[in-house]
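**Student:** Below you'll find the structure I mean.
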Amino acid sequence: MANIACDPNARPDFKTTMELGAVLPQSAEVKDGELYIGGVNTIDLAREYGTALYVMDEQQIRDQLRNYLKWTRYHWKDVDVVYAGKAFICKAMCKLVAEEGCHLDVSSGGELAIALAADFPAERVVAHGNNKTMQELTEAITAGVGRIVVDSFDELSRIDSIARDLGKVQPILIRITPGVVADTHAYITTGSEDSKFGFGLRDGLAFKAVETALDLPGIELKGLHMHIGSQIFVLNSYAKAIEVIVHFMDEIREKTGFVISELDTGGGLGIAYGVPDEPSTIKDYGKVIVDDIKEHCEAHSLPVPRILVEPGRSIVANAGVTLYTVGTVKHIPNVRTYVAVDGGMTDNIRTALYDAHYEPVIANKSDKPRDTVVTIAGKHCESGDVIVVDTPLQSAEPGDILCVFATGAYCQSMASNYNKQVRPGVVFVNNGEARLVVRRETYEDLMRCDV
Ligand code: LLP
(Lines give C-alpha, C1' and ligand atoms only; values in the text may rest on other atoms or scores of the structure.)
Protein backbone atom coordinates (compact mmCIF):
# COMPACT_ATOMS: atom_id res chain seq x y z
CA MET A 1 0.00 0.00 0.00
CA ALA A 2 1.63 3.24 -1.09
CA ASN A 3 -0.72 5.70 0.52
CA ILE A 4 -3.22 5.27 3.27
CA ALA A 5 -6.44 7.10 2.50
CA CYS A 6 -7.01 10.08 4.76
CA ASP A 7 -10.31 10.24 6.56
CA PRO A 8 -11.41 13.87 6.00
CA ASN A 9 -13.90 13.50 8.86
CA ALA A 10 -11.35 12.43 11.44
CA ARG A 11 -11.50 14.82 14.39
CA PRO A 12 -10.35 14.70 17.98
CA ASP A 13 -13.24 13.30 20.03
CA PHE A 14 -11.95 14.67 23.37
CA LYS A 15 -12.93 11.41 25.05
CA THR A 16 -10.95 10.24 28.02
CA THR A 17 -10.22 6.52 28.38
CA MET A 18 -13.19 5.60 30.54
CA GLU A 19 -15.52 7.22 27.98
CA LEU A 20 -14.68 4.61 25.34
CA GLY A 21 -17.41 2.28 26.62
CA ALA A 22 -17.79 -1.29 25.38
CA VAL A 23 -14.35 -1.56 23.76
CA LEU A 24 -12.69 -1.45 27.20
CA PRO A 25 -11.95 -4.56 29.25
CA GLN A 26 -14.58 -4.83 31.98
CA SER A 27 -11.99 -4.18 34.70
CA ALA A 28 -10.48 -1.04 33.10
CA GLU A 29 -9.95 1.76 35.61
CA VAL A 30 -7.99 4.99 35.62
CA LYS A 31 -6.08 5.98 38.74
CA ASP A 32 -3.81 9.04 38.87
CA GLY A 33 -4.06 9.29 35.10
CA GLU A 34 -2.82 5.73 34.53
CA LEU A 35 -4.74 2.81 33.07
CA TYR A 36 -5.30 -0.32 35.19
CA ILE A 37 -6.63 -3.64 33.96
CA GLY A 38 -7.53 -6.47 36.32
CA GLY A 39 -6.37 -4.18 39.12
CA VAL A 40 -2.84 -4.00 37.64
CA ASN A 41 -1.16 -0.82 36.44
CA THR A 42 -0.47 -1.13 32.71
CA ILE A 43 2.57 1.16 32.96
CA ASP A 44 4.10 -1.25 35.48
CA LEU A 45 3.30 -4.16 33.16
CA ALA A 46 5.02 -2.43 30.24
CA ARG A 47 8.06 -1.80 32.42
CA GLU A 48 8.22 -5.30 33.83
CA TYR A 49 7.50 -7.39 30.73
CA GLY A 50 8.54 -5.00 27.97
CA THR A 51 6.49 -3.91 24.98
CA ALA A 52 4.80 -4.84 22.73
CA LEU A 53 2.76 -6.89 25.22
CA TYR A 54 -0.67 -8.49 25.14
CA VAL A 55 -2.58 -8.10 28.41
CA MET A 56 -5.74 -10.11 29.05
CA ASP A 57 -8.38 -9.75 31.74
CA GLU A 58 -8.73 -13.33 32.95
CA GLN A 59 -11.99 -12.80 34.80
CA GLN A 60 -13.60 -11.33 31.70
CA ILE A 61 -12.67 -14.41 29.66
CA ARG A 62 -14.23 -16.61 32.36
CA ASP A 63 -17.31 -14.38 32.55
CA GLN A 64 -17.83 -14.53 28.78
CA LEU A 65 -17.66 -18.34 28.81
CA ARG A 66 -20.10 -18.39 31.74
CA ASN A 67 -22.42 -15.98 29.94
CA TYR A 68 -22.55 -18.26 26.93
CA LEU A 69 -23.29 -21.26 29.15
CA LYS A 70 -25.93 -19.35 31.07
CA TRP A 71 -27.78 -17.73 28.17
CA THR A 72 -27.86 -20.78 25.96
CA ARG A 73 -28.76 -23.27 28.70
CA TYR A 74 -31.44 -20.87 29.91
CA HIS A 75 -33.43 -21.91 26.84
CA TRP A 76 -32.40 -25.57 26.48
CA LYS A 77 -30.60 -27.87 28.92
CA ASP A 78 -28.48 -29.69 26.39
CA VAL A 79 -26.07 -27.04 25.13
CA ASP A 80 -22.28 -27.02 25.18
CA VAL A 81 -19.98 -24.09 24.56
CA VAL A 82 -17.02 -24.90 22.34
CA TYR A 83 -14.42 -22.13 22.56
CA ALA A 84 -12.80 -21.55 19.14
CA GLY A 85 -9.09 -21.71 19.89
CA LYS A 86 -8.10 -19.99 16.66
CA ALA A 87 -9.07 -16.66 18.26
CA PHE A 88 -6.40 -17.08 20.94
CA ILE A 89 -4.84 -20.26 22.25
CA CYS A 90 -2.04 -21.17 24.64
CA LYS A 91 -1.82 -23.71 27.43
CA ALA A 92 -3.14 -21.31 30.07
CA MET A 93 -6.15 -20.53 27.90
CA CYS A 94 -6.89 -24.25 27.40
CA LYS A 95 -6.73 -24.77 31.18
CA LEU A 96 -9.13 -21.92 31.74
CA VAL A 97 -11.59 -23.25 29.14
CA ALA A 98 -11.42 -26.69 30.78
CA GLU A 99 -11.97 -25.21 34.25
CA GLU A 100 -15.07 -23.40 33.02
CA GLY A 101 -16.54 -26.69 31.80
CA CYS A 102 -16.38 -25.73 28.14
CA HIS A 103 -15.25 -27.61 25.05
CA LEU A 104 -12.53 -26.57 22.60
CA ASP A 105 -12.51 -26.15 18.82
CA VAL A 106 -9.06 -26.84 17.35
CA SER A 107 -8.37 -26.03 13.73
CA SER A 108 -5.03 -27.80 13.27
CA GLY A 109 -2.72 -30.43 14.67
CA GLY A 110 -0.79 -27.61 16.33
CA GLU A 111 -3.81 -26.38 18.26
CA LEU A 112 -4.62 -29.96 19.25
CA ALA A 113 -1.05 -30.45 20.47
CA ILE A 114 -1.35 -27.36 22.69
CA ALA A 115 -4.67 -28.58 24.08
CA LEU A 116 -3.26 -32.04 24.85
CA ALA A 117 -0.14 -30.53 26.41
CA ALA A 118 -2.45 -28.56 28.71
CA ASP A 119 -4.24 -31.83 29.64
CA PHE A 120 -7.42 -30.62 27.99
CA PRO A 121 -9.85 -33.57 27.95
CA ALA A 122 -9.72 -34.97 24.40
CA GLU A 123 -13.37 -35.98 24.46
CA ARG A 124 -14.26 -32.29 24.75
CA VAL A 125 -12.26 -31.37 21.62
CA VAL A 126 -13.97 -30.59 18.32
CA ALA A 127 -11.49 -30.88 15.42
CA HIS A 128 -11.91 -28.59 12.43
CA GLY A 129 -10.27 -27.77 9.13
CA ASN A 130 -11.18 -27.95 5.46
CA ASN A 131 -8.03 -29.92 4.60
CA LYS A 132 -6.85 -31.83 7.64
CA THR A 133 -3.79 -33.84 6.76
CA MET A 134 -3.54 -37.60 7.30
CA GLN A 135 -1.18 -36.84 10.15
CA GLU A 136 -3.64 -34.43 11.78
CA LEU A 137 -6.52 -36.87 11.39
CA THR A 138 -4.44 -39.70 12.83
CA GLU A 139 -3.39 -37.56 15.79
CA ALA A 140 -6.98 -36.48 16.45
CA ILE A 141 -8.44 -39.99 16.24
CA THR A 142 -5.60 -41.48 18.31
CA ALA A 143 -6.10 -38.82 20.99
CA GLY A 144 -9.81 -39.61 21.04
CA VAL A 145 -11.21 -36.21 20.15
CA GLY A 146 -14.93 -35.96 20.83
CA ARG A 147 -15.93 -34.82 17.35
CA ILE A 148 -14.31 -34.32 13.98
CA VAL A 149 -16.17 -31.85 11.81
CA VAL A 150 -15.98 -33.33 8.33
CA ASP A 151 -15.51 -31.04 5.41
CA SER A 152 -15.12 -33.26 2.30
CA PHE A 153 -15.71 -36.72 0.82
CA ASP A 154 -11.97 -37.35 0.79
CA GLU A 155 -11.93 -36.76 4.52
CA LEU A 156 -14.86 -39.11 5.17
CA SER A 157 -12.99 -42.03 3.68
CA ARG A 158 -9.72 -41.06 5.37
CA ILE A 159 -11.35 -40.91 8.82
CA ASP A 160 -13.10 -44.22 8.20
CA SER A 161 -9.89 -45.96 7.25
CA ILE A 162 -7.75 -44.46 10.05
CA ALA A 163 -10.41 -45.22 12.68
CA ARG A 164 -10.80 -48.83 11.50
CA ASP A 165 -7.02 -49.31 11.49
CA LEU A 166 -6.97 -48.09 15.08
CA GLY A 167 -9.94 -50.27 16.01
CA LYS A 168 -12.07 -47.22 16.71
CA VAL A 169 -15.32 -45.61 15.60
CA GLN A 170 -14.93 -41.85 15.27
CA PRO A 171 -17.91 -39.60 16.09
CA ILE A 172 -18.31 -36.85 13.51
CA LEU A 173 -20.38 -33.84 12.50
CA ILE A 174 -20.85 -32.95 8.85
CA ARG A 175 -20.26 -29.33 7.95
CA ILE A 176 -23.04 -27.80 5.87
CA THR A 177 -22.91 -24.51 3.98
CA PRO A 178 -26.43 -23.24 4.47
CA GLY A 179 -26.20 -20.74 1.60
CA VAL A 180 -26.68 -17.75 3.89
CA VAL A 181 -24.47 -14.72 3.37
CA ALA A 182 -23.70 -13.15 6.73
CA ASP A 183 -23.47 -9.41 7.06
CA THR A 184 -19.69 -9.07 7.63
CA HIS A 185 -16.33 -8.67 5.85
CA ALA A 186 -16.14 -10.88 2.71
CA TYR A 187 -12.89 -12.50 3.87
CA ILE A 188 -14.56 -13.90 6.96
CA THR A 189 -17.89 -15.07 5.56
CA THR A 190 -18.06 -18.82 5.25
CA GLY A 191 -21.69 -19.90 4.96
CA SER A 192 -22.33 -19.03 1.30
CA GLU A 193 -22.49 -21.75 -1.35
CA ASP A 194 -19.25 -20.70 -3.04
CA SER A 195 -17.06 -21.62 -0.10
CA LYS A 196 -14.11 -23.92 0.39
CA PHE A 197 -15.81 -25.04 3.62
CA GLY A 198 -18.41 -27.73 4.03
CA PHE A 199 -21.01 -29.36 1.78
CA GLY A 200 -23.65 -27.39 -0.11
CA LEU A 201 -27.34 -28.18 0.20
CA ARG A 202 -28.73 -27.14 -3.15
CA ASP A 203 -26.44 -29.40 -5.17
CA GLY A 204 -27.29 -32.44 -3.02
CA LEU A 205 -23.70 -32.85 -1.81
CA ALA A 206 -24.65 -32.47 1.83
CA PHE A 207 -27.21 -35.24 1.57
CA LYS A 208 -24.73 -37.46 -0.22
CA ALA A 209 -22.19 -36.84 2.55
CA VAL A 210 -24.76 -37.92 5.16
CA GLU A 211 -25.59 -41.09 3.22
CA THR A 212 -21.90 -41.89 2.79
CA ALA A 213 -21.16 -41.32 6.49
CA LEU A 214 -24.04 -43.59 7.52
CA ASP A 215 -22.51 -46.40 5.46
CA LEU A 216 -18.96 -46.20 6.83
CA PRO A 217 -18.22 -48.54 9.75
CA GLY A 218 -15.35 -46.43 11.13
CA ILE A 219 -17.61 -43.40 11.49
CA GLU A 220 -20.48 -42.54 13.80
CA LEU A 221 -22.53 -39.67 12.43
CA LYS A 222 -23.71 -37.51 15.32
CA GLY A 223 -24.93 -34.39 13.63
CA LEU A 224 -24.43 -31.30 11.53
CA HIS A 225 -22.29 -28.22 11.74
CA MET A 226 -22.54 -24.75 10.22
CA HIS A 227 -20.51 -21.57 10.57
CA ILE A 228 -21.79 -18.62 8.60
CA GLY A 229 -19.03 -16.12 9.31
CA SER A 230 -17.41 -13.95 11.93
CA GLN A 231 -17.92 -10.50 13.51
CA ILE A 232 -21.67 -10.79 12.85
CA PHE A 233 -23.92 -8.08 14.28
CA VAL A 234 -27.24 -9.08 12.73
CA LEU A 235 -28.64 -12.15 14.48
CA ASN A 236 -31.14 -12.64 11.70
CA SER A 237 -28.37 -14.26 9.62
CA TYR A 238 -28.31 -17.09 12.19
CA ALA A 239 -32.08 -17.41 12.18
CA LYS A 240 -32.09 -17.86 8.40
CA ALA A 241 -29.32 -20.47 8.48
CA ILE A 242 -31.02 -22.41 11.30
CA GLU A 243 -34.25 -22.57 9.36
CA VAL A 244 -32.39 -24.03 6.38
CA ILE A 245 -30.42 -26.57 8.40
CA VAL A 246 -33.38 -27.87 10.43
CA HIS A 247 -35.26 -28.31 7.19
CA PHE A 248 -32.33 -30.43 6.03
CA MET A 249 -32.50 -32.48 9.28
CA ASP A 250 -36.09 -33.24 8.35
CA GLU A 251 -35.07 -34.28 4.83
CA ILE A 252 -32.45 -36.64 6.30
CA ARG A 253 -34.99 -38.30 8.57
CA GLU A 254 -37.51 -38.59 5.77
CA LYS A 255 -35.12 -40.14 3.26
CA THR A 256 -32.96 -42.29 5.55
CA GLY A 257 -34.84 -42.65 8.83
CA PHE A 258 -31.75 -41.30 10.63
CA VAL A 259 -32.40 -38.63 13.28
CA ILE A 260 -29.74 -35.97 13.72
CA SER A 261 -29.01 -35.64 17.43
CA GLU A 262 -26.51 -32.76 17.42
CA LEU A 263 -26.37 -29.36 15.82
CA ASP A 264 -23.32 -27.09 16.02
CA THR A 265 -24.15 -23.57 14.92
CA GLY A 266 -20.54 -22.32 14.77
CA GLY A 267 -19.29 -19.02 16.13
CA GLY A 268 -19.32 -15.50 14.79
CA LEU A 269 -20.93 -13.16 17.31
CA GLY A 270 -19.47 -9.67 16.74
CA ILE A 271 -17.79 -7.43 19.32
CA ALA A 272 -17.22 -3.70 19.78
CA TYR A 273 -13.98 -2.56 18.16
CA GLY A 274 -14.99 1.09 17.87
CA VAL A 275 -16.91 3.42 20.16
CA PRO A 276 -20.03 3.45 17.93
CA ASP A 277 -20.22 -0.36 17.59
CA GLU A 278 -23.27 -1.98 19.17
CA PRO A 279 -22.97 -5.75 18.81
CA SER A 280 -25.76 -8.08 19.88
CA THR A 281 -25.52 -9.43 23.39
CA ILE A 282 -24.74 -13.03 24.32
CA LYS A 283 -28.16 -13.10 25.96
CA ASP A 284 -29.93 -12.21 22.68
CA TYR A 285 -27.66 -14.54 20.72
CA GLY A 286 -28.52 -17.46 23.03
CA LYS A 287 -32.20 -16.80 22.62
CA VAL A 288 -32.07 -16.62 18.81
CA ILE A 289 -29.91 -19.72 18.41
CA VAL A 290 -31.71 -21.98 20.86
CA ASP A 291 -35.28 -20.76 20.43
CA ASP A 292 -35.05 -20.90 16.66
CA ILE A 293 -33.70 -24.44 16.71
CA LYS A 294 -36.46 -25.49 19.12
CA GLU A 295 -39.15 -23.77 17.12
CA HIS A 296 -38.14 -25.27 13.77
CA CYS A 297 -37.65 -28.72 15.27
CA GLU A 298 -41.10 -28.60 16.78
CA ALA A 299 -42.56 -27.48 13.46
CA HIS A 300 -40.96 -30.51 11.79
CA SER A 301 -41.76 -32.83 14.74
CA LEU A 302 -38.05 -33.47 15.22
CA PRO A 303 -36.51 -33.98 18.67
CA VAL A 304 -34.50 -30.95 19.78
CA PRO A 305 -30.84 -31.91 19.31
CA ARG A 306 -27.89 -31.32 21.59
CA ILE A 307 -26.71 -27.85 20.59
CA LEU A 308 -23.10 -26.69 20.32
CA VAL A 309 -22.06 -23.07 19.90
CA GLU A 310 -18.50 -22.16 18.93
CA PRO A 311 -17.61 -18.60 19.93
CA GLY A 312 -14.04 -17.35 19.64
CA ARG A 313 -13.78 -13.59 19.22
CA SER A 314 -16.58 -12.71 21.64
CA ILE A 315 -14.87 -14.67 24.44
CA VAL A 316 -11.47 -12.98 24.27
CA ALA A 317 -11.47 -9.85 22.07
CA ASN A 318 -12.56 -7.20 24.56
CA ALA A 319 -10.68 -8.89 27.41
CA GLY A 320 -7.40 -8.18 25.61
CA VAL A 321 -5.34 -5.08 24.91
CA THR A 322 -1.93 -4.51 23.40
CA LEU A 323 0.58 -2.21 25.06
CA TYR A 324 3.29 -0.51 23.01
CA THR A 325 5.92 2.13 23.63
CA VAL A 326 5.77 5.20 21.41
CA GLY A 327 9.10 5.55 19.61
CA THR A 328 8.67 8.47 17.23
CA VAL A 329 6.09 11.13 16.48
CA LYS A 330 6.33 12.44 12.93
CA HIS A 331 4.26 15.47 11.90
CA ILE A 332 3.91 15.77 8.13
CA PRO A 333 2.42 19.21 7.55
CA ASN A 334 -0.97 19.14 5.82
CA VAL A 335 -0.84 15.34 5.61
CA ARG A 336 -0.97 13.56 8.96
CA THR A 337 0.92 12.74 12.10
CA TYR A 338 2.42 9.28 12.45
CA VAL A 339 2.88 7.89 15.92
CA ALA A 340 5.18 4.89 15.51
CA VAL A 341 5.22 2.08 18.07
CA ASP A 342 7.45 -0.89 18.81
CA GLY A 343 5.20 -3.47 17.14
CA GLY A 344 2.75 -3.33 14.27
CA MET A 345 1.49 -5.72 11.62
CA THR A 346 3.50 -8.52 13.24
CA ASP A 347 1.35 -8.44 16.39
CA ASN A 348 -1.84 -7.11 14.76
CA ILE A 349 -2.34 -7.87 11.08
CA ARG A 350 -6.07 -7.13 11.19
CA THR A 351 -5.86 -3.48 10.13
CA ALA A 352 -3.73 -4.26 7.07
CA LEU A 353 -5.80 -7.33 6.24
CA TYR A 354 -9.39 -6.27 6.91
CA ASP A 355 -9.25 -2.48 7.41
CA ALA A 356 -10.08 -3.25 11.02
CA HIS A 357 -10.65 -0.31 13.34
CA TYR A 358 -9.37 0.02 16.89
CA GLU A 359 -9.53 2.54 19.72
CA PRO A 360 -6.21 3.60 21.25
CA VAL A 361 -5.27 5.69 24.28
CA ILE A 362 -2.06 6.81 25.90
CA ALA A 363 -2.13 4.67 29.04
CA ASN A 364 -0.09 7.16 31.07
CA LYS A 365 -2.42 10.01 30.02
CA SER A 366 -5.64 8.07 30.42
CA ASP A 367 -7.55 10.86 32.12
CA LYS A 368 -6.67 13.36 29.38
CA PRO A 369 -8.99 13.96 26.41
CA ARG A 370 -8.08 12.51 23.01
CA ASP A 371 -7.40 15.95 21.57
CA THR A 372 -5.27 15.12 18.50
CA VAL A 373 -5.77 12.98 15.39
CA VAL A 374 -2.92 10.66 14.43
CA THR A 375 -2.16 7.46 12.54
CA ILE A 376 -0.55 4.75 14.61
CA ALA A 377 2.11 3.02 12.56
CA GLY A 378 4.19 -0.03 13.30
CA LYS A 379 7.95 -0.42 12.91
CA HIS A 380 7.96 -2.72 9.89
CA CYS A 381 9.10 -2.18 6.32
CA GLU A 382 5.70 -1.62 4.73
CA SER A 383 3.63 1.53 4.33
CA GLY A 384 0.56 -0.55 5.08
CA ASP A 385 1.98 -1.41 8.49
CA VAL A 386 -0.56 0.60 10.47
CA ILE A 387 -2.63 -0.25 13.50
CA VAL A 388 -5.11 2.61 13.60
CA VAL A 389 -5.62 5.16 10.83
CA ASP A 390 -6.68 8.76 11.59
CA THR A 391 -7.71 8.15 15.17
CA PRO A 392 -8.30 10.51 18.04
CA LEU A 393 -5.55 10.18 20.63
CA GLN A 394 -4.15 12.07 23.58
CA SER A 395 -1.12 14.06 22.49
CA ALA A 396 1.70 11.53 22.12
CA GLU A 397 5.40 11.78 22.93
CA PRO A 398 8.23 9.27 22.66
CA GLY A 399 8.25 7.05 25.74
CA ASP A 400 4.48 7.12 26.22
CA ILE A 401 2.76 3.75 26.66
CA LEU A 402 0.11 3.30 24.01
CA CYS A 403 -2.78 0.93 24.66
CA VAL A 404 -4.89 -0.46 21.82
CA PHE A 405 -8.18 -2.01 22.96
CA ALA A 406 -10.08 -5.10 21.81
CA THR A 407 -7.00 -6.96 20.57
CA GLY A 408 -7.60 -10.20 22.50
CA ALA A 409 -8.83 -12.14 19.45
CA TYR A 410 -7.00 -12.91 16.20
CA CYS A 411 -3.98 -10.72 17.00
CA GLN A 412 -1.61 -12.97 18.96
CA SER A 413 -2.97 -15.97 17.05
CA MET A 414 -2.18 -14.34 13.69
CA ALA A 415 1.14 -12.82 14.76
CA SER A 416 4.22 -13.26 12.58
CA ASN A 417 7.98 -12.82 12.72
CA TYR A 418 8.17 -10.48 9.70
CA ASN A 419 11.36 -8.42 9.80
CA LYS A 420 12.40 -11.02 12.38
CA GLN A 421 10.42 -9.24 15.01
CA VAL A 422 10.12 -11.28 18.20
CA ARG A 423 6.49 -11.94 19.06
CA PRO A 424 5.16 -10.32 22.26
CA GLY A 425 4.42 -12.12 25.49
CA VAL A 426 0.95 -12.53 26.98
CA VAL A 427 0.09 -11.60 30.55
CA PHE A 428 -3.15 -12.58 32.30
CA VAL A 429 -4.26 -10.05 34.92
CA ASN A 430 -6.81 -10.63 37.68
CA ASN A 431 -7.47 -9.21 41.13
CA GLY A 432 -4.38 -7.04 41.15
CA GLU A 433 -2.08 -9.91 40.10
CA ALA A 434 -0.29 -10.45 36.79
CA ARG A 435 0.92 -13.80 35.53
CA LEU A 436 2.96 -14.35 32.40
CA VAL A 437 1.31 -17.09 30.34
CA VAL A 438 3.32 -16.76 27.11
CA ARG A 439 6.82 -15.30 27.32
CA ARG A 440 8.15 -12.86 24.76
CA GLU A 441 10.25 -14.55 22.10
CA THR A 442 14.01 -14.13 22.07
CA TYR A 443 16.44 -13.87 19.18
CA GLU A 444 17.30 -17.53 19.85
CA ASP A 445 13.66 -18.40 19.18
CA LEU A 446 14.01 -16.75 15.78
CA MET A 447 16.79 -19.18 14.89
CA ARG A 448 15.57 -22.32 16.65
CA CYS A 449 14.51 -24.00 13.40
CA ASP A 450 17.60 -23.05 11.42
CA VAL A 451 19.76 -26.11 10.74
N1 LLP B 1 -16.08 -22.09 14.29
C2 LLP B 1 -15.51 -22.14 13.07
C3 LLP B 1 -15.67 -23.35 12.26
C4 LLP B 1 -14.75 -21.06 12.61
O5 LLP B 1 -14.20 -21.12 11.41
C6 LLP B 1 -14.61 -19.91 13.42
C7 LLP B 1 -13.81 -18.78 12.96
C8 LLP B 1 -15.21 -19.90 14.68
C9 LLP B 1 -15.96 -21.00 15.08
C10 LLP B 1 -15.10 -18.74 15.62
O11 LLP B 1 -15.68 -17.60 15.09
P12 LLP B 1 -15.72 -16.24 15.98
O13 LLP B 1 -16.69 -16.47 17.11
O14 LLP B 1 -14.36 -15.98 16.47
O15 LLP B 1 -16.19 -15.20 15.04
N16 LLP B 1 -9.08 -13.87 11.36
C17 LLP B 1 -10.41 -13.28 11.28
C18 LLP B 1 -11.47 -14.19 11.83
C19 LLP B 1 -11.52 -15.52 11.13
C20 LLP B 1 -12.56 -16.42 11.73
C21 LLP B 1 -12.34 -17.82 11.28
N22 LLP B 1 -13.25 -18.77 11.82
C23 LLP B 1 -10.39 -11.95 12.01
O24 LLP B 1 -9.35 -11.55 12.52
O25 LLP B 1 -11.39 -11.24 12.05
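**Student:** Read through the list (1) within 18 Å of Arg313 (Cα to Cα); (2) of a type in the set (S, T, N, Q); (3) in the same structural domain as Asn417 (by TED's automatic domain parsing), then give the number of the only condition that Gln64 fails.
**Tutor:** (3)
**Student:** Same structure again: Tell me, which helices (runs of 4 or more DSSP H) wholly within segment 1-107 include 1 or more residues that are away from the ligand (no atom under 16 Å from the Cβ), out of contact with any Leu (no Cβ under 8 Å at 6 or more places or on another chain) and under 30 Å from Leu393 (Cα atoms)? Spell out the reasoning first.
**Tutor:** Values: elements: 42-49, 58-73, 91-99.
Hits in segment 1-107: 42-49, 58-73.
**Student:** Name the residues in segment 229-243 that are under 16 Å from Ser280 (Cα atoms) and either within 14 Å of the ligand (Cβ to nearest atom) or not in a helix (DSSP H, G or I) (or both), would you?
**Tutor:** Initial filter on segment 229-243 (under 16 Å from Ser280 (Cα atoms)): 229-239.
Correct list: Gly229, Ser230, Gln231, Ile232, Phe233, Val234, Leu235, Ser237, Tyr238.
**Student:** Now for a separate question. Would you pick out the residues in segment 346-360 that are aromatic (Phe, Trp, Tyr) and surrounded by 22 or more Cβ atoms within 10 Å (Cβ to Cβ)?
**Tutor:** First, pick out the residues of segment 346-360 that are aromatic (Phe, Trp, Tyr): 354, 358.
Result: Tyr358, single match.
**Student:** What do you reckon, is Gly167 outside the structural domain of Arg435 (by TED's automatic domain parsing), farther than 26 Å from Lys240 by Cα and either in contact with a Pro (Cβ under 6 Å, 6 or more places away or on another chain) or open to solvent by 30 Å² or more (accessible area, probe 1.4 Å) (or both)? Show your work before the answer.
**Tutor:** Details: outside the structural domain of Arg435 (by TED's automatic domain parsing): yes; farther than 26 Å from Lys240 by Cα: yes; either in contact with a Pro (Cβ under 6 Å, 6 or more places away or on another chain) or open to solvent by 30 Å² or more (accessible area, probe 1.4 Å) (or both): yes.
Considered against the rule, which asks whether it is outside the structural domain of Arg435 (by TED's automatic domain parsing), farther than 26 Å from Lys240 by Cα and either in contact with a Pro (Cβ under 6 Å, 6 or more places away or on another chain) or open to solvent by 30 Å² or more (accessible area, probe 1.4 Å) (or both), Gly167 comes out as yes.
**Student:** OK, next. Residue under question is Val374, and the condition is that it be within 25 Å of the chain's Cα centre (by Cα) and not basic (Lys, Arg); does it hold? First the steps, then the outcome.
**Tutor:** Details: within 25 Å of the chain's Cα centre (by Cα): no; not basic (Lys, Arg): yes.
So Val374 fails the test.
**Student:** Restricting attention to segment 108-128, report how many residues are over 24 Å from Arg439 (Cβ atoms) and buried (at least 20 other Cβ atoms within 10 Å of the Cβ). Give the steps one after another, and end with the answer.
**Tutor:** First pass over segment 108-128, keeping only residues over 24 Å from Arg439 (Cβ atoms): 121-128.
Now drop any that are not buried (at least 20 other Cβ atoms within 10 Å of the Cβ), which leaves 125-128.
Result for segment 108-128: 4.
**Student:** Taking segment 376-387, which residues are touching a Ser or Thr at 6+ places or on another chain (Cβ under 7 Å) and under 16 Å from Cys6 (Cα atoms)?
**Tutor:** Result: Ile376, Val386, Ile387.
The values are calculated or read from the model by the stated rules, or taken from the named source; none is laboratory data. In this text, all values refer to a predicted model and were calculated from it rather than measured experimentally. Ideal geometry is used to build each Cβ from the backbone, glycine not excepted, and the neighbour counts take in all protein chains shown. With ligands, DNA and RNA removed, areas are computed over all heavy atoms of the protein, side chains included. Shrake-Rupley method; radii C 1.70, N 1.55, O 1.52, S 1.80 Å.
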